[in-house]
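One structure below.
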Amino acid sequence: MSAVCEPHGWVIVKFMPVDTPTFYKIFGTWRGGYLDGDTWQMSSGSFSPQDAELHEGVITWPQTSGSIYKLRVEDENCTTFYTGCVLDNIVERSKANGIDCKLIRFNDT
């Protein structure tokens with residue numbers, strides 16, 4: 001059975017390496033409470049955003065690992081200060097290692 005991930009917030013990261021096809025990853029975030037902090041997870045990715053389906057305000061997007069992300073449209077580009085800093089760091093490190101990447105909106109896939 002495939003894992004289903006339903007983040008509180010999410011951002012699409014488009015990776016454009018030189019020697020391999022472009023791929024898309026979902027940076028999912030979950031807001032913590034009083035006793036636990038915010039968390040994040042980067043999906044395994046997808047080479048085909050056309051595999052995503054939009055139905056009643058929820059995008060269902062299977063990933064290469066077999067997991068399925070259910071993304072509420074209104075939660076796109078929602079991060080906390082902490083998870084936003086983590087995402088900025090991922091983008092900076094990717095570029096420093098020669099992998100071009102950028103944050104995009106779902107409609108721009």
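Cβ separations smaller than 9 Å between residues 6+ apart or across chains give the following pairs from segment 18-38 residues that are in contact (Cβ under 8 Å) with a residue 24 or more places away in the chain to residues that are exposed (fewer than 11 other Cβ atoms within 10 Å of the Cβ): V18/G98; D38/F81. Among the residues making up segment 37-57, a single one is in a loop (DSSP other than H, G, I, E, B), modelled with pLDDT of 95 or more and acidic (D, E): E56. Take N77 and decide whether it is more than 16 Å from P7 (Cβ to Cβ) and out of contact with any His (no Cβ under 8 Å at 6 or more places or on another chain). Answer is no for this residue. Residues that are part of a strand (DSSP E or B), surrounded by 13 or more Cβ atoms within 10 Å (Cβ to Cβ) and not basic (K, R) do not occur anywhere in segment 84-91.
Restricting the first member to segment 46-67 and to residues that are within 14 Å of V4 (Cβ to Cβ) and hydrophobic (A, V, I, L, M, F, W, C), and the second to residues that are in a helix (DSSP H, G or I) and at pLDDT below 95, the beta-carbon pairs closer than 9 Å and six or more apart or on different chains are I59/F106; W61/P49; W61/D51; W61/F106. Would you be able to say whether some residue in segment 17-36 is assigned to a loop (DSSP other than H, G, I, E, B), of a type in the set (A, V, I, L, M), more than 15 Å from V91 (Cα to Cα) and at pLDDT below 95? Yes. Just one residue in the set T64, T29 is of a type in the set (S, T, Y) and surrounded by fewer than 17 Cβ atoms within 10 Å (Cβ to Cβ); that residue is T64.
G32 meets the conditions (1) within 19 Å of D108 (Cβ to Cβ); (2) among the small types (G, A, S); (3) touching a strand residue (DSSP E or B) at 6+ places or on another chain (Cβ under 8 Å) in every case but one. The failed one is (1). Among all positions in segment 43-54, there is no residue which is touching a helix residue (DSSP H, G or I) at 6+ places or on another chain (Cβ under 8 Å) and more than 20 Å from T109 (Cα to Cα).
The values are calculated or read from the model by the stated rules, or taken from the named source; none is laboratory data. Here the structure is a predicted model, which means the values were calculated and not measured. Positions of Cβ are generated from backbone atoms using ideal geometry, with glycine treated the same way; all protein chains shown enter the neighbour counts.
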